[in-house]
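J.: Just passing along the structure, written as C-alpha cells.
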Amino acid sequence: MNILPAADAGIDQLVDEQTSVILTGTGNDSDGSIASYAWNQTSGTSVTLTNTKNASTSFTAPTLTAVEALTFTLTVTDNEGAIASDSVLITVNPVNTAPAANAGIDQLVDEQTSVTLMGSGSDSDGRIASYAWNQTSGINVTLTNANNARTSFTAPDVTTIEVFTFELTATDNEEMTANDTVDITVSPIIEVTGVQAISTNYNFWCSSNTEAVAWFDDSIAIVIEGNDALAFDHATMTRMVEFFHRLYDKYESITGLTNLPLDTPWQDHITIQIPLDNCGAGGLANHGVRGISVGRGFFDEQYDILLSGQERYHQVFFYESNRNFWPPYFNESFDWAMDDEPMNWGWWTVGMNNAMAVMMSDILDVELEYFGQDSMWFRDRMVANFKTYKSNSSYNFDYGWRQEYMPWNTNESINDLMSGLIIHSYETWGGETWLTNFYQAIGTVVPRSNVFTYQECRDNIYRIWSDAAEVDLLSFFVDELRWDITSDSDASAPILLQYSLADVLAGGNGSFPGTGSSGTSVVVSLNQQDFSARYGIVDGAFVPQKDGETVVSTSGITFDFSAKTGISQHDGIPSKGPYRHSDPSLQSHNLGTNPNYSGDPDNHAFIDMHATVGLTYNLDKIRLSYNNGAAITKFTARFGSATGAKINYWVLLDGAEVHYGELLSGNHEVQDVDINLTDDNAYLTLVIADANTGTINNAHGYIGDPILHSTGLPTDTAAVPTNPIDKATSALAWQTLNWNYGLGVENYDIYLWKEALPQPSLPSYSVSTTELIPYEYLAFGEKYNWKIISNLSDTSLNSPVYSFMVQPENVQTDPIYNISPAAQAERTALYTLNGINQITGVDSYITSGMRIGFYGDSNTDVIVWQQSLVDALSIQGATSLNRGINGADIQELWEGIRSYDAGGGLTEPEPFADQIVTDDVDVAIIYIGINDVLNNNPNTSTASYKSYLNLIVQACITSNIKVVLVAATTYNEKPDGSNLYDDQLDEYQTAAEEVALSSGVTFVPARTHFLNYLKNNNVSVQEDGNIIFPYQTGILNSDVVHHNEAGKLFLSDLVADGLQRSLVP
C-alpha cells in the first residue's frame, strides 16, 4: 500500500508591484520519493512563472492600481504516481512613483513680444494625465492652452525690467503631482536718442551675475557688469560708443562683411560686454559674429584715457573686433600646421589681429595703447622681426615660417613675423586700398586641402597678396622671402635650392635632406706645403702658410695668409663634417640655428676645422651638378669657436678676401656670414686659422650650416648616374647608387634588376633623395640594369637603361658584418622590445605597492632617474629604489664597502645580502660590470665576475626576490669588436647568461642589443667602398662608459622588458 506524499507551497507573502517574488515549495514522501513538481497560478492578474517544474519558482509582481491577491498551487507526485497539492497567497500592493515636471528655461524678452513656455513632464511608472499652468508673480497675463504642456502669452508693456513667474503642475495617471517654475524677465523697449545708460540684466560669458549697466545708442551697446557704471561721465561714454561705431563701420567697409550675425546681443545691439573677470583673459571674441568681451581692468584703463581727453584706444578692442571679421573659413585659404603638429594652427589669425590693430588705428587716425606703449612701438616690434627674416638668407619658408616660435628669438611666437609681413604689405602696396583688396581676394582662391599642404598655402598667399597689390608679386615671394611658389603665369617659375657644403664634404650630394655620413670627410689626406687637390666639387684642401703665398685651388689661385697666421701648422685631416644637429657638440655651439630646420634636424650640418686649414669648393661643378643649371646667388654660414679656442677665419671668392672675422674670447662665439655671389665666381674658399696665437691646442673652428643659395628652372633632362657610373665594372655588393640632382624633382622611381631577368613592371624603389641603398646586398659577379624616373610636379623624366657589373666576391672582402638595410631591419626588430609600453599596458605584471631595487654602478644609478622608466613604474603604483654605486665593481657591490652617497643615497651601506633584506624589494635589477674592466689592476677576471654574480643571485633567491640580470654593455662604441675591453665584456655577458640560466632568473642581453644598435647607427661607407665607424662615443654614451640620454632611454626599455618577463606567472 502506497502512502500519499505531502506538498508545502511555502508561506503567504505581502510584496510591492514590480518586485521579484520567489515561491519556495517542498515535498516529501514517507515511503518513497518525490518524482516531480508542478506550479500553476489559480487566481489574480496573470504572471509568468519560471522553472514551474522545480520545487521553487519565481515571477515579477504585476503593476496594479489596487491591492490584489494572487494564488499559486504546487502539486507534487511521488514515485508511484500519487499526488498532493498546496496553495500559497501572494498579496501585491500598488506603488506609485511621483511624476516630474519641467517648466523650461528662464527667458529674457522685450515687452510686446510673444513668449512660449516649453513645459514637459514624465512618469517612470505610468503616464502624465494632465498639465496645468498658473502665473505666480508679475502683471497678470492671459495664458493660451494653459492645460497643455506648452502655453504662450504676450509680454505686457513695462516701464522697468519686471520678472514674471509661472508654475507648471503635472499630474500622473494615479493622481500624483509635481511642480516646476520658470522666470520670464521682461524689459521695456526704449526709444534711443543719443547715447543713454540704464540698469539692466545681462547674461555675461564669464559671470553668473546678471546685474549690469548698458551704455547704448541705436545699434551699439557697452554692457558693464555691476551698477557703478551708471555714474560714468556721459561725454566720455559717448565718445567710446562713437569709437565702436567708427570701428565696426570701417571693418564692414573694408571686409565687405556687412551681414554678420550678432553674438550674445543686448536688445539686438552689437554688444561690447565688460565682465569683472573675463574668464581670466584680457579679451574674448568669436569668429564670424559681431560682439566682443573685454575684462573690466582694460576697460577702466580705456575709460580713464578718454576721460583725460586723449584719443587713444587699447589694442585689445582692435584685436578682438578683428576676430569678428575673420570668419573661420578665411583660415582655410592659407593657414598651416606649425611644427607639423595637426592641431597647432591658427597663427595667421593672431598675426592678422595684431596687424589690424596697427592698420586700423592708422586708418581711423587714432593712437594705439599697448601697456603704456604707442602705435609706433607696437608696429616696429613686429616689422623688426619681418626685417630680421628678410635680411638673413639662411631663413626660408621651412626655416622661419613653419615653427611656432621664430628661430632667431625662441621667446616670440610666429604670429609676430606674420604681423610684420601684413604691415609691410599695407605700407608698401597701397594702405587701405591694399587692405580692402586683400579681404576681397581671400574668397577668390581654392581652400587648401589640409593643414599640411604647405605649397597650396604659399601659392594662395602669393595670389591673394598679388591681387591685393594689383601687381604680380612673384619676385617678392621667391627672391625676397625665399618661398617656392607655383606661378599661374609661368609653369616654369624659378625654384629655390639650398646646397649644403658640409654635406658634400662628407660625401653627400649637398641637397636636403643630405646624404653625407656624420663624422666623415672626402678629404683623406693633407699635404702641409702643397695644395691637396681632389678636382671635384670639393676642389681640395690646404694648410695656410706662415710665409708668403698659399695656393688655394687647382687653378693655381694664391692668397697671402701670413700676416694673420701663427707659427703653428696642422698636418691632419682638415674637417670632419657634417655633424647632424642632434649631436650635442653642435647644440653647445649654437651652430644649427634651429632644430626644426626644414622639419628635419638631420638637415643641419657643420664642418669641424682644426686650425690651421682651408677648403676650396668648385662652384662651376656645383652648377653643373644641378642638371639644368642654376644661379648661385648667396653663401651663408655661421662661424663658431670651441671652448678655449681663439681663431680667425676667411671667406675667399676666386682668391680674393670677401669676409674676415676673429673669435678671440675663448668662449663659445658665433658670427653670421652672408655673401652675395655672381655667375662669374668659380671658387669659394673657407679658412680657419689660429689667430696668430702660436698655438693650435684646441683651436677648433666650426662652420655651421654652410649653404649655397640658388635659383633655377626645373630640370628638363633625365638623371645620370654618378656612382657607379654607367657601365662600371667593379661596383660593390653593398653599393650605394647615386645620380645627379635635378631642380624641381620631387621624388625618384628606381627600377633595378639583374640583366638576365626582365625589367620589373613596378618601380623597385621610390626615394626623395639622389641616393639609393638597395635593401639587400647585390649579387657578386652579376650585371645589373637600372633606370631612374625623375618625378616633377607636372611631368616625369625617364632615363635610358644604365648598367654596372658587381665585383667578383674575391676582389674585396665582405664588411665585418652585413650593413644592408635588410640586415639592419632584422637587428632593429631584435632590440625594439617596447618594454616601457609593456609595463604600462593592460597586460602589465607590475602591481601597486611593488618595490623594485636597482643594484650596480653609476650607469645603474642613472637608469633609475631615466624619467620614462621611473614614471612607468610610478604609474603602476610601484616604488623604485636607487642602489647604483658610482665607481663600484662587482666585489664592492657584494661586500657593500663603497658609500652610496653619490648613488643610492645610503651613507652606511650593508653587504648586498643584508641590503636587499633591508630594502624589502620584490625584484632586484642587477646591472654591474663596466668598472670591473676599468678599476682593478689587473681587472676582474671573468671567473671571479661570474662567482660574485652567483653569490648575488643566490642571495636574492634565498630572500624570495626575483632577479633581472642585465649584461654590462660597451666601452666606446665601435661595433666591429675593435674597442678596448670588447673581448672581456663579451665574456662577462656569456658568464651572466650562464648564471641566469643555471639559477632560473631573467637575463637581459643588453650588450648584444647595444652592439646591434651601434651596427645600425655607427657605420659609414666611404667613396672607395671602405667601411668605417665614425664615432667612438656619442650615440648611446656620453663618454667611453656612461650612457647619454638616448642610451639611458634605450637601456631603460630593455630593462623594462626584462622586468615584465621576470614577473610572468
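J.: Give the percent of DSSP beta bridges with both residues in the range 150-272 that are antiparallel, rounded to the nearest 5.
T.: 90
J.: Using only alpha-carbon positions, what ratio does the radius of gyration of the range 129-230 give when scaled by 2.2 N^0.38 Å?
T.: On the way: Rg = 18.1 Å, N = 102, 2.2 N^0.38 = 12.8 Å.
So the Cα radius of gyration is 1.42 times the expected 2.2 N^0.38 Å.
J.: Can I ask one more? Counting DSSP beta bridges in the chain, what percent are antiparallel, to the nearest 5?
T.: 80
J.: Could you pull out every Cys in the chain that lacks a partner Cys with its beta carbon under 4.7 Å away?
T.: Cys457, Cys956
J.: Note down the nm distance, to one decimal, between modelled labels 7 Å out along Cα→Cβ at Glu993 and at Thr52.
T.: It works out to 7.3 nm between the two label points.
J.: Now for a different question. Using only the alpha carbon atoms of the range 100-187, find the Kirkwood hydrodynamic radius as the inverse mean reciprocal pair distance, in angstroms to one decimal.
T.: On the way: mean 1/r = 0.0755 Å⁻¹.
About 13.2 Å, per the Kirkwood formula over Cα pairs.
J.: Okay, next question. Given H placed on each backbone N at 1.01 Å, which residues far from Gly507 in sequence or on other chains put an amide H within less than 5 Å of it?
T.: Val522
J.: I'd like to compare 421-428, 870-877, 928-935: which one has the highest average count of other Cβ atoms within 10 Å, and what's the full order after that?
T.: 928-935, 421-428, 870-877
J.: A further question on this structure: Which length gain, in nm to one decimal place, applies between Glu826 and Gln310 when the Cα-Cα distance is subtracted from 0.36 nm times their residue separation?
T.: Computed gain between Glu826 and Gln310 is 178.3 nm.
J.: Within a 10 angstrom radius of the beta carbon, how do Glu404, Glu175 rank from fewest other beta carbons to most?
T.: Glu175, Glu404
J.: Which of the peptides 839-847, 801-809 is most tightly packed, and how do the rest follow, going by the mean number of other Cβ atoms within 10 Å of each residue?
T.: Ranked from most to least packed, the peptides come out as 801-809, 839-847.
J.: Fewest to most neighbouring Cβ within 10 Å: what's the order for Val358, Val1064?
T.: Listing Val358, Val1064 from fewest to most nearby Cβ atoms yields Val1064, Val358.
J.: Let me ask another. Arrange the following residues from fewest to most other Cβ atoms within 10 Å of their Cβ: Thr63, Thr410. Kindly include the intermediate steps, with their values, before the conclusion.
T.: Working: Thr63 14, Thr410 11.
Taking fewest neighbouring Cβ atoms as first place, the list is Thr410, Thr63.
J.: To continue, here is another question. Taking H as built 1.01 Å from N, whose amide H comes closer than 5 Å to the amide H of Leu677, not counting residues under 5 places away?
T.: Lys634, Phe635
J.: List, largest first, the extents of the alpha carbons of the range 922-976 along their principal axes, each in whole Å.
T.: Here the Cα extents, ordered largest to smallest, are 39, 23, 16 Å.
J.: Follow-up question, since we're still on this one. Compute the normalised compactness of the range 829-1062: alpha-carbon radius of gyration over 2.2 N^0.38 Å, N being the residue count.
T.: 0.99
J.: Also, quick follow-up: Kindly write out, for the range 778-790 in residue order, the coupling ³J(HN,Hα) from the Karplus curve 6.51 cos²θ - 1.76 cosθ + 1.60 (θ = phi - 60°), rounded to whole Hz, with x marking Gly and Pro.
T.: 6, 7, 4, x, 9, 9, 10, 9, 8, 9, 10, 9, 8
J.: Over the Cα atoms of the range 196-325, what Rg and Dmax result, in angstrom?
T.: 13.5, 38
J.: Another question, then. On the first, second and third principal axes, largest extent first, how far apart are the outermost C-alpha atoms of the range 6-93 in Å?
T.: 47, 18, 16
J.: Given a Förster distance of 41 angstrom, what is the FRET efficiency for Tyr817 paired with Asp914, based on the Cβ-Cβ distance and rounded to 0.05?
T.: It comes out at approximately 0.35.
J.: While we're here: If you wrap the range 721-814's Cα atoms in a convex hull and average its projection over all directions, what's the area in nm²?
T.: Answer in nm², one decimal: 5.9.
J.: A further question follows. Would you calculate, for the chain, the mean residue ellipticity at 222 nm contributed by helices, counting each DSSP H stretch of 4 or more residues as -39,500 (n - 2.57) and dividing by all residues, to the nearest 500? Present the calculation step by step, with values, prior to reporting the outcome.
T.: Numbers: 22 runs with 255 residues, N = 1065.
Mean residue ellipticity, 222 nm, calculated: -7500 deg cm²/dmol.
J.: Here's something else I'd like to know. So in the range 100-187, what percent of DSSP beta bridges are antiparallel if you round to the nearest 5?
T.: Of those bridges, close to 85 percent are antiparallel.
J.: Can I ask one more? Can you give me the three principal axis dimensions of the chain from its C-alpha atoms, in Å, biggest first?
T.: 122, 106, 72
J.: Now for a different question. What's the FRET efficiency of Thr159 with Glu211 using the Cβ-Cβ distance as r and R₀ = 22 Å, to the nearest 0.05?
T.: The calculated FRET efficiency here is 0.70.
J.: Please return the longest stretch of the chain lacking exposed loop sites, where trypsin sites (Lys or Arg not before Pro) count only if DSSP places them in a loop and at most 11 other Cβ atoms lie within 10 Å.
T.: Details: sites that count: Lys53, Arg127, Lys727.
It runs 128-726.
Every read-out reported here was derived from the displayed coordinates using simple, explicitly stated rules and does not represent laboratory data. Keep in mind that what you see is a predicted model, and the values were worked out from it rather than measured. Because the Cβ atoms are built from the backbone with ideal geometry, glycine has one as well, and the counts that use them run over all protein chains shown.
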